[in-house]
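Trainee: Got a structure for you, questions after.
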Amino acid sequence: MARLSDPITVLKGVGPAKAKQFAALNIVTLEDLICHFPRGYEDRNQFVTIDKLQPDVPACFKAMVMNTPRTAHIRKGLDITKVQVADHTGRLNLTFFNAKYSAEQLHYGEEYIFYGAVSGDFIGYNMTNPVFESPDAPAVSTRRILPIYPLTAGLTNSALWKTIRQALEICPMPQEIIPEEIRRKYDILPAEKAYFAIHEPQTMQQAQAAKKRLIFEEFFVFSAGLSLMRAARAEKSCEIYQNVDLSGFYGALPFQLTGAQTKVIGQILEDFRRGTPMNRLVQGDVGSGKTMVAAAAGYCAVKNGYQVGLMAPTEILAEQHFQSLDGLLTPLGIRVGLLTGSMTPKQKSGVRKQIEDGELDFIIGTHALVSDQTKFCKLGLVITDEQHRFGVGQRSALSAKGEAPHLLVMSATPIPRTLALLLYGDLDVSILDELPPGRQTVDSFLVGESYRPRINAFIRKQVAEGHQCYVVCPAVEQTDGMSLKAATQWAQTLQNTVFPDLKIALLHGQMKGAEKEQVMSAFARGEADVLVATTVIEVGVDVPNATLMVIEDADRFGLSQLHQLRGRVGRESAKSYCILTTHNRNEQTIARLKALCKTSDGFAIAQEDLKLRGPGDFFGSRQSGLPAFRVASLGTDLDTLSTAQQASKDWIETYGTSDCPEASALRQRIRALFERCMYTMN
Ligand code: ADP
Ligand code: MG
């Protein structure tokens, strides 16, 4: 018997060349192969008679060959083989293109099983390239349910299927991780049956049941993992904060906090007094003032003798948080530090030493904070900003650097409840449902290319009034045949031909960290009038003097992303604008973009986005902190998600500390999954 961890080359017919093709599908081991699930099925069990064949609906039928197949060589590369078949209800002409060899296997006077669809646009029946088998041959491509797999170049569905079938014969099924009692309660197939039936269902019901189990399993593993994380933290105790007097902090603020900010800070202080680590998500729309909530929490932690680590998803954002928090907190006696990946090794090790020696209190950084070399002296509070850009793994890795630190995660993406449960199922939620006073809605417009002169005039007008503008492009560099606006070339065009008298700056993700920082801070200081950028400025960037956001080829972005980008303007009382341009004429696309122009409600936009694009693309690829589910879809399987969550609660209660084989296997799966969730950041 082979093992699941064996490479697929142990299978017959899989040599190094084939293995390479499989690798393109992320299939390396037998387990990967068995976990390569069909994306659908063709039910080739349904038999009809020839008179019942429906145009374009493929079906099986049994028929006799009425003449000898004839092949006509039309031209180089085109052979057409014709043959007539019949049953007691009628006749049918079959046409095969470039299938001379196989079609000529049909023998006059013999019966075969065919599978195909008649085309509707001929007078009389005609069928092109049906598959067929002799009734005496094993059922391979007819008389069965045929799984349809995701494929890659060089691998056909039947080759893939045969390879999987071979694997199913020689190796054990993945181990059961759901205890029988839970399977029974939620009507879930055992692993062994499900993994087999997903590839070899006898009926469509079996296929459905297998799929249900596998979807359930994926959600179950993820939510059991989150529950374990939470349970582990709940068990821990930490010191109760004695000093929760924030009057010094409040006194230093240049503005009064909003009611929502005060309320959420109150919830955090309550958590600090509880004696168990806080696990709190602060969700608030763009511009709702999450940074100040983080600052208040951090102030309190430092005043109680702890260090604070604030992790931001981009260098620009980390730098900007450092600027504003350093300015606010240093006068209050708090030592603020910055640690990012683009600092020189010497700078980094200097800051790391200060962190380790307890010479810094409030450390802001990128994922450099999570790296092994970063050691805290007394980490008491972990904050992640724009949490949806991180994987759960990163969140827990930073927490692991403290004894039992409090955890505060912040997100601007107002995600629908079901999804929030999955992403943040282990967290308490606070909502900042109020914007600071004086904010106005950003007037938004959707325009076509004919508006270019007006857009340019408008940019000029904003600059003349002393304001600044962003221009966001979907690409960095122009490539051949690409019609999208690319930031690099567009910045040149604007500088050289449109606005030679203005200062145009360029910012994109391929620039070096230090360079990005320079450009960004120069723009923040007002040293450039127009910043042409990619979506690197999507999250968090705060330049209040900017009043115009132009988004080129806006149809290339998700709605939530556009909303985030738009949130870069309208940050002070000056009237602000957002202009979306597009060449796209697709009615749905236009409707989507127009909808965005009409509303400024981030939650409504997120719902719409989720509906339109599905959660895979919802946050942009790989940025959700969610694992890539293999079978489960967050768009359609939300019911299963809530049962799986319920089941994982049951599991924790009964098996949370059990050593039974299922429980150990589940823990192992959870570890593997969470490691996969440690995405690299952009
Ligand atoms: P976000 O929630 O998007 O992270 P920020 O924390 O960046 O929002 O805050 C947006 C802007 O609003 C910043 O310039 C910040 O200084 C300002 N701000 C935050 N709270 C208030 C307040 N209560 N009153 C006025 N301005 C505020
Ligand atoms: Mg922010």
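The values are calculated or read from the model by the stated rules, or taken from the named source; none is laboratory data. The model shown is predicted, which means the values in this text are computed figures rather than measured ones. Here the Cβ positions follow ideal geometry from the backbone for every residue, glycine too, while neighbour counts run over all protein chains shown.
Trainee: Which residues, counting only those in the stretch 303-356, are within 16 Å of ligand 1 (Cβ to nearest atom) and of a type in the set (S, T, N, Q)?
Mentor: Across the stretch 303-356, the qualifying residues are Thr314, Gln320, Gln323, Ser324.
Trainee: Okay, moving on. Could you list, in sequence order, all residues of the stretch 247-256 that are within 16 Å of ligand 1 (Cβ to nearest atom) and either of a type in the set (Lys, Arg) or surrounded by fewer than 19 Cβ atoms within 10 Å (Cβ to Cβ) (or both)?
Mentor: Tyr250, Gly251, Ala252, Leu253, Pro254, Phe255, Gln256, listed by residue number.
Trainee: For Ala260, indicate whether it is in a helix (DSSP H, G or I), within 16 Å of ligand 1 (Cβ to nearest atom) and in contact with a strand residue (DSSP E or B) (Cβ under 7 Å, 6 or more places away or on another chain).
Mentor: The answer is yes for Ala260.
Trainee: I would also like to ask the following. Taking the stretch 154-190 as the region of interest, how many residues are within 22 Å of Asp650 (Cβ to Cβ) and either in contact with a Phe, Trp or Tyr (Cβ under 8 Å, 6 or more places away or on another chain) or assigned to a loop (DSSP other than H, G, I, E, B) (or both)?
Mentor: Total meeting the criteria: 12.
Trainee: When the stretch 273-298 is examined, which residues are found to be away from ligand 2 (no atom under 11 Å from the Cβ), buried (at least 24 other Cβ atoms within 10 Å of the Cβ) and in a helix (DSSP H, G or I)?
Mentor: Matches in the stretch 273-298: Ala295, Ala297, Gly298.
Trainee: I've got another one for you. Against the definition (over 18 Å from Ala533 (Cα atoms) and not charged (D, E, K, R)), how does Gln561 come out, yes or no?
Mentor: So Gln561 does not fit the description; no.
Trainee: Out of the strands (runs of 3 or more DSSP E) lying entirely within the stretch 321-390, which hold 1 or more residues that are of a type in the set (A, V, I, L, M) and within 16 Å of ligand 2 (Cβ to nearest atom)?
Mentor: So the answer is 362-365, 379-384.
Trainee: Looking only at the stretch 31-50, decide whether some residue is out of contact with any strand residue (DSSP E or B) (no Cβ under 7 Å at 6 or more places or on another chain) and of a type in the set (S, T, N, Q).
Mentor: No, the stretch 31-50 has no match at all.
Trainee: Regarding Phe557, is this residue within 21 Å of Asn456 (Cβ to Cβ) and not charged (D, E, K, R)?
Mentor: Working: within 21 Å of Asn456 (Cβ to Cβ): no; not charged (D, E, K, R): yes.
Against the criterion (within 21 Å of Asn456 (Cβ to Cβ) and not charged (D, E, K, R)), Phe557 does not qualify.
Trainee: Working only within the stretch 337-359, note down all residues that are within 14 Å of Tyr306 (Cα to Cα) and either crowded, with 23+ Cβ neighbours inside 10 Å or under 29 Å from the mean Cα position of the chain (by Cα) (or both).
Mentor: Ile355
Trainee: Going through the stretch 437-461 one residue at a time, which ones are surrounded by 14 or more Cβ atoms within 10 Å (Cβ to Cβ), among the hydroxyl-bearing types (Ser, Thr, Tyr) and assigned to a helix (DSSP H, G or I)?
Mentor: Answer for the stretch 437-461, where residues must be surrounded by 14 or more Cβ atoms within 10 Å (Cβ to Cβ), among the hydroxyl-bearing types (Ser, Thr, Tyr) and assigned to a helix (DSSP H, G or I): just Tyr451.
Trainee: Just one of (1) modelled with pLDDT under 85; (2) within 14 Å of ligand 2 (Cβ to nearest atom); (3) within 18 Å of Ala312 (Cα to Cα) trips up Val536, so point out which.
Mentor: (2)
Trainee: Do we find that Leu506 is under 31 Å from the mean Cα position of the chain (by Cα), farther than 23 Å from Asp385 by Cβ, modelled with pLDDT of 95 or more and not in a loop (DSSP other than H, G, I, E, B) in this structure?
Mentor: So Leu506 passes the test.
Trainee: Which one is farthest from ligand 2 (Cβ to nearest atom), of the residues in the stretch 554-571 that are in a helix (DSSP H, G or I) and among the basic types (Lys, Arg)?
Mentor: Restricting to residues being in a helix (DSSP H, G or I) and among the basic types (Lys, Arg), the top hit is Arg556.
Trainee: Taking the options Phe97, Phe37, name whichever one is surrounded by 12 or more Cβ atoms within 10 Å (Cβ to Cβ), within 22 Å of Ile148 (Cα to Cα) and within 42 Å of the chain's Cα centre (by Cα). I'd like the intermediate steps shown before the answer.
Mentor: Working: Phe97 fails: within 22 Å of Ile148 (Cα to Cα).
Result: Phe37 is the single residue among Phe97, Phe37 that is surrounded by 12 or more Cβ atoms within 10 Å (Cβ to Cβ), within 22 Å of Ile148 (Cα to Cα) and within 42 Å of the chain's Cα centre (by Cα).
Trainee: Additional query: Kindly indicate the residue of the stretch 52-91 that is without any contact (Cβ under 8 Å) to a residue 24 or more places away in the chain and in a loop (DSSP other than H, G, I, E, B) and also farthest from the chain's Cα centre (by Cα) among those meeting that condition.
Mentor: My answer is Lys76.
Trainee: So the check is Cβ under 6 Å with 6+ separation or different chains; which pairs have a first residue in the stretch 396-413 that's without any contact (Cβ under 8 Å) to a residue 24 or more places away in the chain and at positive phi and a second one that's surrounded by 24 or more Cβ atoms within 10 Å (Cβ to Cβ) and not hydroxyl-bearing (Ser, Thr, Tyr)?
Mentor: Pairs found: none.
Trainee: For the stretch 43-51, does any single residue satisfy the condition of being out of contact with any Cys (no Cβ under 6 Å at 6 or more places or on another chain), surrounded by 15 or more Cβ atoms within 10 Å (Cβ to Cβ), at pLDDT below 90 and assigned to a strand (DSSP E or B)?
Mentor: Checking the stretch 43-51: at least one residue is out of contact with any Cys (no Cβ under 6 Å at 6 or more places or on another chain), surrounded by 15 or more Cβ atoms within 10 Å (Cβ to Cβ), at pLDDT below 90 and assigned to a strand (DSSP E or B).
Trainee: Shifting gears a bit: Tell me which residues, restricted to the stretch 525-582, are within 16 Å of ligand 1 (Cβ to nearest atom), surrounded by fewer than 20 Cβ atoms within 10 Å (Cβ to Cβ), in contact (Cβ under 8 Å) with a residue 24 or more places away in the chain and within 17 Å of Ala464 (Cα to Cα).
Mentor: Gly526, Pro544, Asn545, Ala574, listed by residue number.
Trainee: Which pairs turn up if I take residues in the stretch 257-268 that are within 14 Å of ligand 2 (Cβ to nearest atom) and at pLDDT 95 or above and look for partners that are outside any helix (DSSP H, G or I) and of a type in the set (Asp, Glu) with beta carbon separation below 8 Å, at least 6 apart in sequence or on another chain?
Mentor: Gln261/Glu434
Trainee: Report the residue count in the stretch 303-337 for those that are of a type outside the set (S, T, N, Q) and in contact with a Lys or Arg (Cβ under 8 Å, 6 or more places away or on another chain). Walk me through how you get there before you give the answer.
Mentor: Here is the first cut: in the stretch 303-337, the residues of a type outside the set (S, T, N, Q) are 303, 305-306, 308-313, 315-319, 321-322, 325-329, 331-337.
Next, only the ones that are in contact with a Lys or Arg (Cβ under 8 Å, 6 or more places away or on another chain) stay: 305-306, 309, 313, 315-316.
Count: 6.
Trainee: Could you list, ordered by first residue, the pairs with Cβ atoms under 7 Å in which the first is in the stretch 284-308 and more than 19 Å from Gly337 (Cβ to Cβ) and the second is near ligand 1 (Cβ under 6 Å from one of its atoms) and in a helix (DSSP H, G or I), at least 6 apart or interchain?
Mentor: Filtered contacts from the stretch 284-308: Gly284/Lys290; Gly289/Gln261; Met292/Gln261; Val293/Gln261.
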